[in-house]
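The next block holds one structure in the form of structure tokens; read it before the comments.
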Amino acid sequence: MDTKHWVVDKHQRNLESYPQIKEAAGLLKNNEVVAFPTETVYGLGANALSDKAVAKIYEAKGRPSDNPLIVHISTIGQLYKIAQDIPEQAERLIEKFWPGPLTLILKAKENAVSKKVTPGLDTVAVRMPSHPVALALIVASGLPLAAPSANTSGKPSPTLAKHVADDLTGKIAGILDGGATGVGLESTVLDCTGEVPVILRPGGVTKEQLEDVCGAVEVDRAILTEGEAPKSPGMKYKHYAPTAPLTIVNGSMEFIQSLVKGKQNKGLKVGVLTTSERENQYEADKIIACGSREDLESVANRLYDVLRLFDESDVDVIFSESFPSEGIGQAIMNRLTKAAGHKIITE
Ligand code: TXA
Ligand code: MG
């Protein structure tokens, strides 16, 4: 399949009437799949009302068919067509965080979207992205769009159109290239179907921010403890893993440097994931700065690109510095821990 590549400037007004967006929307109406930028990561969109269209998402990504998709909308009217019994707490969160990086799990209206979006579930995940290109595409297509991250299953989510092209060229109808995404990690997935909202996946909106709006919020235990079965089907899969084994190190720079030397003495090429503050202080075969430690949002923003860059290098093993688990740090450590297959060394 020929994959179109359209470049769009997200700062333009009336994006929904732009030829690139209209062409992409036309393909979506024809039940083809198209990748588009959001404020979190690139999404791979398809008509959420069509079995045929949604099936193409799973096929292009190689995604297990029991892993449900998020429905992306541009108006609150679309939400009420898809979900029902929306609790008051969820309404408050919507008021505060939409459009933005928060996905809500709500009770689904029967037969409102393709069964392939919510395989075997009576709930549906909904989010209204804030990226102007994403919103324009939803408006121009007139459809709710089912969209997972636009990567091959198991690879880090794409934060640049290049990442999408590397994974999916030839497998999808087109890529809307709106430049680098914002947050760099996926949306927070919040289950709003019980008494107390539960974070199933930490992300762009932090636990602290949610609690400011709706009081106590729980975190799915599987996120905190290895071996627990996660409530969100997608969280059980190994994700975000670079090819070379990654180990997180909880310790000083000197300790990390000694681990590097130990591996190098065995003839291995070693990579280090650090931040701009220490980039020039390590001796290793490949040192990549992932943002600045002073600004955890910059770490989130760079993380997936950095994991992909290690794949382009020839290192045999990677050591990563550890980050504080507060605010966006919770999402950073969640993704990093998964990328490391839970291998953490403490000094
Ligand atoms: O930021 C994001 O959320 C990006 C952009 C493209 O919007 N999308 C994204 O989608 O990360 P995906 O498919 O890669 O991750 C969706 C997560 C999965 O872990 C999935 O299992 C979970 O949401 N999910 C979807 N529907 C669910 C449901 N009804 N109940 C529980 N978890 C659900
Ligand atoms: Mg994903």
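The values are calculated or read from the model by the stated rules, or taken from the named source; none is laboratory data. Remember, predicted model here, so these are calculated numbers, not experimental data. Positions of Cβ are backbone-derived with ideal geometry, glycine not excepted, and every protein chain shown enters the neighbour counts. To get the accessible areas, we keep the full protein, side chains included, count just its heavy atoms, and leave off ligands, DNA and RNA. Shrake-Rupley method; radii C 1.70, N 1.55, O 1.52, S 1.80 Å.
Worth pointing out:
- Axis angle, to the nearest 10 degrees, between helix 253-265 and the longest C-alpha principal axis of the chain: 80 degrees.
- Over the chain: helical MRE at 222 nm, DSSP H runs n ≥ 4 each giving -39500 (n - 2.57), nearest 500: -9500 deg cm²/dmol
- Given a 1.4 Å probe and the protein chains as shown, L268 ends up with an accessible area of around 60 Å².
- Formal net charge of residues neighbouring T123 (Cβ-Cβ distance under 10 Å; K, R +1; D, E -1): -1
- The chain: angle of helix 88-97 to the longest principal axis, Cα-based, in degrees nearest 10: 70 degrees
- Positive minus negative residues near S313 (Lys, Arg vs Asp, Glu; Cβ under 11 Å): -2
- Reachable lysines from K266, criterion Cα separation under 21 angstrom, eight or more residues apart if same chain: K286, K343
- Protein-only accessible surface at a 1.4 angstrom probe places the residues R127, R13 in the order R13, R127, largest first.
- The stretch 268-347 - percent of accessible surface contributed by carbon and sulfur, probe 1.4 Å: 43 percent
- Checked against a 28 Å cut-off, the cross-linked pairs K29/K61; K4/K116; K155/K231; K22/K338 give Cα-Cα distances beyond that limit for K22/K338.
- Centre-to-centre separation between the Cα atoms of the stretch 82-113 and those of the stretch 193-219: 13 Å.
- Across all C-alpha atoms in the chain, the radius of gyration and Dmax reach 20.1, 62 Å.
- Counting only protein heavy atoms and a 1.4 Å probe, the chain has 42 square angstrom of accessible area per residue.
- Our summary gives the chain a relative contact order of 20 percent, counting only alpha carbon pairs under 8 angstrom and 6 or more residues apart.
- Reachable aspartates and glutamates from K115, criterion Cα separation under 20 angstrom, eight or more residues apart if same chain: E32, D51, E59, D66, D85, D191
- To put it simply, the accessible area of the stretch 4-224 at a 1.4 Å probe is 49 percent carbon and sulfur.
- For the pair M1 and D122, the difference between a 0.36 nm per residue extended length and the Cα-Cα distance amounts to 40.1 nm.
- Charge context of S114, other residues only, Cβ under 11 angstrom, K/R +1, D/E -1: +2
- The chain: angle of helix 51-61 to the longest principal axis, Cα-based, in degrees nearest 10: 10 degrees
- Ratio of Rg to Rh for the stretch 264-347: 0.95 [Cα atoms; Kirkwood radius as inverse mean 1/r over pairs].
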